[in-house]
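As structure tokens, the structure follows; a few thoughts come after it.
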Amino acid sequence: IMENFDIKSISNKNALVLAYLGDSVFSLMVRKYLVETCGEKVRGLNKRANTVVCAKAQAEFMTKLMIGLDEVEKSVVMRARNSHINNKAKNSTYGEYSLATQFEALVGFWYLTKQEDKLNAMFDRLIKEKLC
């Protein structure tokens with residue numbers, strides 16, 4: 001479906017739309033990893049997933065990722081940062097929620113531009129150690 005889009009057109013998409021997609025992609029990556037590696041019941045899997053699929057953890061991940069981003073990725077993140085967000089997660093600050101939105105927009109961007117290598121490297125570096 002996304003074959004007609006290039007990096008430039010995807011990077012110019014609404015940042016909150018990228019974050020919307022990125023939230024789902026990240027959640028799926030986490031849950032897939034847990035199902036493949038942890039032999040727990042659903043309650044245990046969900047408890048583990050919630051340690052990283054939350055605004056506080058995603059804000060931490062975004063802070064660590066900022067240093068290695070290229071100019072296009074920084075542009076996506078900055079547009080997400082500047083987006084008008086009317087709400088926040090109940091267990092986070094507005095700052096954490098903003099960083100989490102930036103993280104999700106970046107994940108959505110990487111997904112749509114088929115940069116699985118960057119998604120997987122981020123996941124291996126920042127996420128796996130927090131799950132099992």
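The values are calculated or read from the model by the stated rules, or taken from the named source; none is laboratory data. The shown structure was predicted, so the numbers you read here are calculated from the model rather than taken from an experiment. Cβ: placed from backbone, ideal geometry, glycine included. Neighbour counts: every protein chain shown. Please note that ligands, DNA and RNA were not included when accessible areas were found on the heavy atoms of the full protein model with its side chains. Shrake-Rupley method; radii C 1.70, N 1.55, O 1.52, S 1.80 Å.
Out of contact with any strand residue (DSSP E or B) (no Cβ under 6 Å at 6 or more places or on another chain) and exposed (fewer than 14 other Cβ atoms within 10 Å of the Cβ), is that true of Lys13?
So Lys13 fails the test.
Search segment 109-119 for residues being in a loop (DSSP other than H, G, I, E, B) and not basic (Lys, Arg), and hand back the single one that is surrounded by the most Cβ atoms within 10 Å (Cβ to Cβ).
Thr113
The rows are residues; the columns are (1) open to solvent by 70 Å² or more (accessible area, probe 1.4 Å); (2) over 14 Å from the mean Cα position of the chain (by Cα); (3) touching a residue at least 24 places away in the same chain (Cβ under 8 Å).
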site	(1), (2), (3)
Tyr33	no, yes, yes
Thr37	yes, yes, yes
Arg43	yes, yes, no
Arg48	yes, yes, yes
Val53	no, no, yes
Met66	no, no, no
Glu71	yes, yes, no
Phe103	no, no, yes
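Is at least one residue of segment 31-54 of a type outside the set (Val, Ile, Thr), within 24 Å of Ile7 (Cα to Cα) and part of a helix (DSSP H, G or I)? Talk me through it step by step, then tell me what you get.
Narrowing segment 31-54 to residues of a type outside the set (Val, Ile, Thr): 31-34, 36, 38-41, 43-50, 54.
Right, trim to within 24 Å of Ile7 (Cα to Cα) and you get none.
No, every residue in segment 31-54 fails to be of a type outside the set (Val, Ile, Thr), within 24 Å of Ile7 (Cα to Cα) and part of a helix (DSSP H, G or I).
Residue-by-condition table, conditions (1) open to solvent by 70 Å² or more (accessible area, probe 1.4 Å); (2) assigned to a helix (DSSP H, G or I); (3) in contact with a Leu (Cβ under 9 Å, 6 or more places away or on another chain):
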residue: Ala80; (1), (2), (3): no, yes, yes
residue: Lys90; (1), (2), (3): yes, no, no
residue: Gly95; (1), (2), (3): no, yes, no
residue: Val107; (1), (2), (3): no, yes, yes
residue: Ala121; (1), (2), (3): no, yes, no
